[in-house]
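Chemist: After the structure tokens below, expect a handful of questions from me.
The values are calculated or read from the model by the stated rules, or taken from the named source; none is laboratory data. A quick note: this is a predicted structure, and the numbers were derived from the prediction, not measured. Reconstructed Cβ throughout: ideal geometry from the backbone, glycine too, with neighbour counts over all protein chains shown. Side chains included, ligands, DNA and RNA excluded: accessible areas come from the protein's heavy atoms. Shrake-Rupley method; radii C 1.70, N 1.55, O 1.52, S 1.80 Å.
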Amino acid sequence: MKKSIFLSFFISLFPLFAAEITIISGAGMSVYAIHGNNETAISGSSEKTVSSADSAFCLIPTPSIGLDLHFTGVAHKKDGFTFSLINNASLPIAFYKRGGFGDNSQHVTGYIWDGQMLIGYTYGVRRPLSIRSGIGLGLTVGRFWIAQNSRKLENGYIAFTPVAVHFGVQYIFTEHIGITVDIYDLPGFSYMVFSDGQGNRREIEGVGNIFTLRIAAAFRF
């Protein structure tokens, strides 16, 4: 009985969530930042911990590419609630650190991925010009390598964002194809670890932010 009631309820809501699907693919620029009250050095053999007296700040600017999926309810034809899946992949090219145990600027190689699951609203559904906004959760993971003394030192990065924000303006030239300009901002909690390849590591834990600006092609169905 309960199953049949739930199924009937779901079927009755289905027309409300009949969706316009928009696929967005493009390139842009991302900036990953993390700020910690200190930088912690951990000895691999003894696990001895030493913290810096100064706070530490890291910045990783990087080109990025993205693939987003937006599902917008079209029951009212003009505006509608939107469920969004955001994917952003970056290839770091530079790394900057200030404070902690010392300043550092390096060329780096690696990758960073950040994804978001958002609930929002689209104004101008099925119109040439539309504005889309959303808020939700975000997760970021990455690995990158710094060259030092003829070695490549491996580093890790992870961040969780409880209030990921997205804002985009889209214009459709034909029935299905257009262009969009999107802004993504992900404030949250960040963690970065640096390894010297010999079991020793340094950690920065604190708050951070990820900002992405992207210009992309939009395919609306």
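Chemist: In region 84-150, what is the volume of the convex hull around the alpha carbon atoms, normalised per residue and reported in Å³?
Modeler: 140 Å³
Chemist: Short version: ³J(HN,Hα) in whole Hz for each residue of region 181-195, in order, from phi by Karplus 6.51 cos²θ - 1.76 cosθ + 1.60 (θ = phi - 60°), x for Gly and Pro, what are they?
Modeler: 10, 10, 10, 10, 9, 10, x, x, 10, 10, 9, 9, 10, 10, 10
Chemist: In whole Hz, what ³J(HN,Hα) sequence does region 156-171 give by Karplus (6.51, -1.76, 1.60; θ = phi - 60°), x for Gly and Pro?
Modeler: Working through the residues one at a time gives x, 8, 9, 8, 10, 10, x, 9, 5, 10, 9, 9, x, 10, 10, 10 Hz.
Chemist: Within the chain, which is the longest segment containing none of the GluC sites (Glu not before Pro) that sit in a DSSP loop and have at most 16 other Cβ atoms within 10 Å?
Modeler: With GluC sites (Glu not before Pro) excluded where exposed in loops, the chain gives 48-174 as its longest stretch.
Chemist: Of the candidates 195, 84, 30, which one comes out as most mobile in a Gaussian network treatment of the chain with C-alpha springs shorter than 10 Å?
Modeler: Among 195, 84, 30, the largest GNM mean-square fluctuation belongs to 195.
Chemist: Under a GNM of the chain (C-alpha, springs under 10 Å), which listed residue has the highest mean-square fluctuation: 199, 100, 115?
Modeler: Top of the fluctuation ranking is 199.
Chemist: Now, a different point. In whole Hz and in residue order, list the ³J(HN,Hα) couplings for region 117-131 that follow from phi through the Karplus curve 6.51 cos²θ - 1.76 cosθ + 1.60, θ = phi - 60°; x for Gly and Pro.
Modeler: Karplus-based 3J(HN,Hα) across region 117-131 equals 10, 10, 10, x, 8, 10, 9, x, 4, 6, 10, x, 9, 9, 10 Hz.
Chemist: Which log10 I(q)/I(0) values, to two decimals, does the chain give at q = 0.14 Å⁻¹ under the Debye formula with one point per Cα?
Modeler: For the chain at q = 0.14 Å⁻¹, log10 I(q)/I(0) is -0.85.
Chemist: Sticking with this one: Rolling a 1.4 angstrom probe over the protein chains, ignoring ligands and nucleic acids, what is the accessible area of residue 103 in square angstrom, nearest 10?
Modeler: Its accessible surface works out to 110 Å², give or take rounding.
Chemist: Still on this structure: Return the aspartates and glutamates within reach of residue 97: Cα separation strictly under 20 angstrom, same-chain partners fewer than 8 residues apart disregarded; answer none if there are no such residues.
Modeler: Answer for residue 97, where 20 Å is the Cα cut-off: 39, 54, 154, 196, 203, 205, listed by chain and number.
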